[in-house]
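Here the structure is laid out as C-alpha cells; the discussion comes afterwards.
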Amino acid sequence: MLVHADPTHSYQHKQAIMEKRLSIFAILVCCFANAFAQQQEHCATKRLSTGSIPAFTPKPNISERAVVAIPVVVHIVWNSSEENISEEQIQSQIEVLNQDYNAENEQISSVPAIFKPAIADVDFQFCLASKDPNGNPTNGITRTQTSNNIGIGGTAAIHHTSQGGHDAWPPEKYLNIWVAKFAGEIGGVASFPGEGPADEQGVEVNYKQFGTIGTAATPPYHLGRTCTHEIGHYFNLEHFWGPNINS
Ligand SMILES: [Zn+2]
C-alpha cells in the first residue's frame, strides 16, 4: 500500500510509523560517525529538553508495512551563486534519502557486525512536493537570495523570509529542508519533534554536503549522508554516543 504524497496526510501518522522502524539508525550513525571521527565538522543538533525521548502515540489503524510518501520542500537560501545549487544536485539528495531509508544503499554491507541486526527497511518514500501550501503546482524547491554573506545556516533567520531566509511550509504537511552556507564547519542541524518554534521545524544542511554532485562532490561528505543523519534527528533519533555530545 502506498500512502500518496498528499501533504494533508498527517505527519503524526508518519511519525507513529517511524517509531516502529527506527532501527535503521544504526546505518545512519555508522555512515556519519566515521566522518565525524575524521573531521572536526559536526552535527549541531541538540535536544532542548532533558530526560527520555518522548514517545509517539501509536496509530492502530496504520499498517506497519505501508510505504509512506513524505512531501519535501527544499529551501535554497543563497548569497553567492555557488550556493544556489542545481535541481539535479537537490534530486541527488532525494535519491540518497530513499536509498538510506529503504536499506538500499551500496554501503550497507560495511555496517559493523554489532549494528547489523538493527538494519531495517523503513519504507519511507521521500519526494519533492508537487503542490505548494496553496495547492498550486511546484517543483518542491524555493530559492531565496539573501544578503547574509557570512552564513545563514544554523541561525533562526534562515527560517524566516523577513530575516533573509525563507518561511517554512506548514511543517505538519511538509518536511522542510533548508540548504545554505554555514558560518562554521557545521554540516547540519535539525529540530527534534515538538521542540523549538513551530514555524522552524525541519532540517538544515550545509550546501557543501547536500546531495552527491556539484558543491557536495568533494569527499568525505559526498554521499548525502548529512541530510540522512539530520532527518533521523527530525524523526526523534539520538546520536548513539548520547545526547548533546557532538563529537
Ligand atoms: Zn546529529
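Exactly one residue out of Leu128, Leu97, Leu175 is farther than 23 Å from Thr45 by Cα, hydrophobic (A, V, I, L, M, F, W, C) and surrounded by 15 or more Cβ atoms within 10 Å (Cβ to Cβ), and it is Leu128. Give the residues of region 180-221 that are over 21 Å from Ile141 (Cβ atoms) and either out of contact with any Lys or Arg (no Cβ under 8 Å at 6 or more places or on another chain) or at pLDDT 95 or above (or both), sorted by residue number. Those that are over 21 Å from Ile141 (Cβ atoms) and either out of contact with any Lys or Arg (no Cβ under 8 Å at 6 or more places or on another chain) or at pLDDT 95 or above (or both): Ala183, Gly184, Glu185, Ile186, Pro193, Gly194, Gly196, Pro197, Ala198, Pro219, Pro220. Screening Ile231 against (1) within 15 Å of the ligand (Cβ to nearest atom); (2) modelled with pLDDT under 95 leaves a single unmet condition, (2). For Ala180, the test of being closer than 15 Å to Val72 by Cα, in contact with a helix residue (DSSP H, G or I) (Cβ under 8 Å, 6 or more places away or on another chain) and crowded, with 17+ Cβ neighbours inside 10 Å is failed.
Scanning region 183-206 for residues that are closer than 18 Å to His160 by Cα and either within 14 Å of the ligand (Cβ to nearest atom) or surrounded by fewer than 24 Cβ atoms within 10 Å (Cβ to Cβ) (or both) yields a total of 16. Under the condition of being exposed (fewer than 14 other Cβ atoms within 10 Å of the Cβ) and either in contact with a His (Cβ under 7 Å, 6 or more places away or on another chain) or more than 24 Å from Val203 (Cα to Cα) (or both), the residues counted in region 107-120 number 7.
The values are calculated or read from the model by the stated rules, or taken from the named source; none is laboratory data. Please read all numbers here as calculations on a predicted model, not as lab measurements. Please note: Cβ atoms are built from the backbone with ideal geometry, for glycine as well, and neighbour counts cover all protein chains shown.
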